[in-house]
Amino acid sequence: MREDMVVSIVVPVYNVYEYLDKCITSLIEQTYKNIQIILVDDGSNDGSSEICDKYAKADTRIIVIHQKNSGSVYARKVGTKMATGKYVLYVDSDDWIEKDRIEKFVHIGAEQNADMIYMDGMIKEYVDNSVLCLSNVREGYYKEEQVKNNIIKKIVDLNVFYKGNIRINLCMWAIKKELIQKQNKIIDNRIVQGDDAISVCACLLEAKTVFVMKECGYHYIQYRNSSITCRNSNLSNIENELYYLWNNFKLIVPIGEKEIYQVFSVLMNAEVAVTDYSIFFKRECDYLYPYSYVKKESNIVIYGAGKLGFRLVEALIKNNDYNIVAWVDKSTNRVTVGNYKIITIDEALKLEYDYIVIAILDYDIAITVKQTLLDKGIQEKKIACMDAKAISDKFLCMKDINIE
């Protein structure tokens, strides 16, 4: 038992009024009490600021920092600078954690005294169901070369799109304060996307030891509509971010140049896909990239109304090469774009179509959906999943986004 160890939890907050109470409550009700909760209000204007102050008055473990809107990267840095704990953990302000998450971390993970603790097991929360996502990594203690060979090199599986054997979401990691504070100095405050990848990878490069534990206590909200619509799809911003990430990614991933480019390509394809899918249409493809056999003029059903599905439909509305017959999701009340209404797969199967395009970024969930469609008697040749070979054949080249 290490009840004397302080654990710092940093929570960037921006306009999450509807979700913030549950998030903060899940922190203050932790069974491990020796925690420091740092709420960084990044210029909220929806009442979130007042919620932060209310909890701070009631619980002395809570520190609230109010600042003008400067972005999540800067908010994390400000919060981390205030941390007094040996380890720093991060929680997104629209998510929540199980009551014993910190206790398990302290009594299992922190006992190993590793530079970084990976808490495997994220629970994705949808409107009407939850999905447990586990990484393909063995529980245990890794040091020096093992960190490079068994952790860093598993960040991205190049054989599928998109499957990470190690998740690079900051919320899955506990990092020693000195390590994350040092790496924060190299992270550009202007980055909006990919900052988790840079932060985690930069720390992994410096880490001498990593401990992997199976914890499964983080609930990642997927049904927040504004998380889809608020992402900045300004092309110049994406170009600047990709340029920054490319130059930094080359430095932090200790593998060959070709492999670096492949890993970077997969990661950035994922980022662009959920930000501005129309960038992909700048390629000279006779198919719907990266669905290699969905040819132009096809009648398609889009399956998936999350971030990827939303951006794909948004882009296809402006493109005349493909005809959307229907838009399908398990939850029919998801946010939509254009005049489309979400319908069930059973309704869509009554229509005439050439392909069902699975627009789901998470590989494991996409495969589950594919099996569901096969069980309904749909021919496999009419089910289109993202094709890793298509990405290998047509990387997201620097010239595609005007980056040299």
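Applying 0.36 nm per residue to the separation of T368 and N323 and subtracting their alpha-carbon distance, the gain on full extension is 13.7 nm. Taking 0.36 nm per residue of separation and subtracting the Cα-Cα distance, full extension of the segment from D188 to D100 would add 28.3 nm. For the stretch 1-149, would you read off the P(r) tail past 26 Å as a percentage of all alpha carbon pairs? Taking all Cα-Cα pairs of the stretch 1-149, the fraction more than 26 Å apart is 30 percent. Report, in listed order, any pair from K86/K148; K143/K185; K154/K376; K177/K307 with a Cα-Cα distance greater than 29 Å. Long pairs (Cα-Cα over 29 Å): K154/K376; K177/K307. A crude spin-label estimate for the pair Y17 and M82, with each label 7 Å from Cα along the Cβ direction, gives 2.2 nm.
Of all lysines in the structure, those lying under 17 Å Cα to Cα from K370, and not within fewer than 8 positions of it along the same chain, are K163, K330, K381, K382. Label-to-label distance for D4 and K296 is 7.1 nm, based on points extended 7 Å past Cα in the beta-carbon direction.
Using a simple spin-label model with pseudo-atoms 7 Å out from Cα toward Cβ, I108 and T344 lie 3.8 nm apart. You can think of it this way: the chain between A58 and D128 has 21.9 nm of extra reach, that is 0.36 nm per residue less the Cα-Cα gap.
Read the figures in this text as sums done on the coordinates, not as results from a lab. For clarity, every value in this text was computed on a predicted model and none was experimentally measured. Cβ: placed from backbone, ideal geometry, glycine included. Neighbour counts: every protein chain shown.
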